[in-house]
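The values are calculated or read from the model by the stated rules, or taken from the named source; none is laboratory data. No experiment lies behind these values; they were computed from the predicted model shown. Positions of Cβ are backbone-derived with ideal geometry, glycine not excepted, and every protein chain shown enters the neighbour counts. Note: areas computed on protein heavy atoms with side chains; ligands, DNA, RNA excluded. Shrake-Rupley method; radii C 1.70, N 1.55, O 1.52, S 1.80 Å.
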Amino acid sequence: MTFASGEDLRWAGRVAHPTKSSARAKEAPKVVRRCFFIVSFSAAAPSAGKTGSLILLYCRTTTNGSGSRLPGEKATLSPTPSTFISAEKISARVRELATAVTTGIPPGPLTVVGVLRGSFIFTADLVRNIERELACDFLTVRSYGDATVSSGVVEIVADLASPIADRHVLLVEDIVDTGLTLKYLTELLIARSPASLQTCALLSKPSRRRTTITIDHVGFEIEDRFVVGYGMDAAQRFRNLPYIGTIDDPQVV
Ligand code: IMP
Ligand code: MG
């Protein structure tokens, strides 16, 4: 029995997080902060023939009242990423991938392993379209830090919560770039004796590969561009965009 439909939940999300609405951005109260800083002060006795001086610096800042920034966030306005793959195209392709996964993985217990943080939205959409019983688990890895070029060193920040021995495993990545992360993770999981292991990536940049790997299910092959949105970030920003976008210069976000 359906308790709350997807539409109900989306409506609740909009009410709880009205920041997504462009109307709210227009309504957001402007907060003007003013302050004075004493930068330099010196004085001497008039009897000695000298005068005093006082320099005041006046600052005026305007914010939309949205609160404090995360570490590394820039004070300047950022460019809005231009649409590279629309939300509609993503959702159609995710449904196709889910069908391929549903039929392509042998019967038996299945664990879908999402690689955090980049794949959290893709994994959530994918599993909702896989029509068979499954468990979800997550691995948190760090390979980029806040940089936009892979360091080539993969660090497991948080491991799986449950064993995968004798279970079919689907490893879900947001994007495969050099392939170093996926190679490291497949070797890590194979060593834990799953019944089978398949990989699924929403995006792949084949021209950037630095290692030989096979991806069983690929959403879109793309050229060498830095993309953001639909879970993917540039220095932790833009993950909440519903589409996949590009930014001209990821260093300037
Ligand atoms: P790889 O090890 O070079 O294949 O990259 C692995 C991870 O880097 C991916 O899972 C992403 O989280 C991140 N990444 C690679 N390319 C991009 C991009 O264009 N935008 C955002 N993240 C990316
Ligand atoms: Mg990733």
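Counting pairs of Cα atoms in the range 92-212, how many percent are more than 18 Å apart? Of all Cα-Cα pairs in the range 92-212, 49 percent lie more than 18 Å apart.
Placing +1 on each Lys and Arg Cβ and -1 on each Asp and Glu Cβ, with no other charges, gives the range 82-252 a dipole about its Cα centre of roughly 60 debye.
The GluC sites (Glu not before Pro) found in the range 172-233 that occupy coil by DSSP, while having at most 13 further C-beta atoms within 10 Å, are Glu223.
A Förster distance of 35 Å, applied to the separation of the beta-carbon atoms of Arg209 and Glu133, puts the FRET efficiency at 0.55. Counting only protein heavy atoms and a probe of 1.4 Å, the accessible surface of the range 82-252 is 51% carbon and sulfur.
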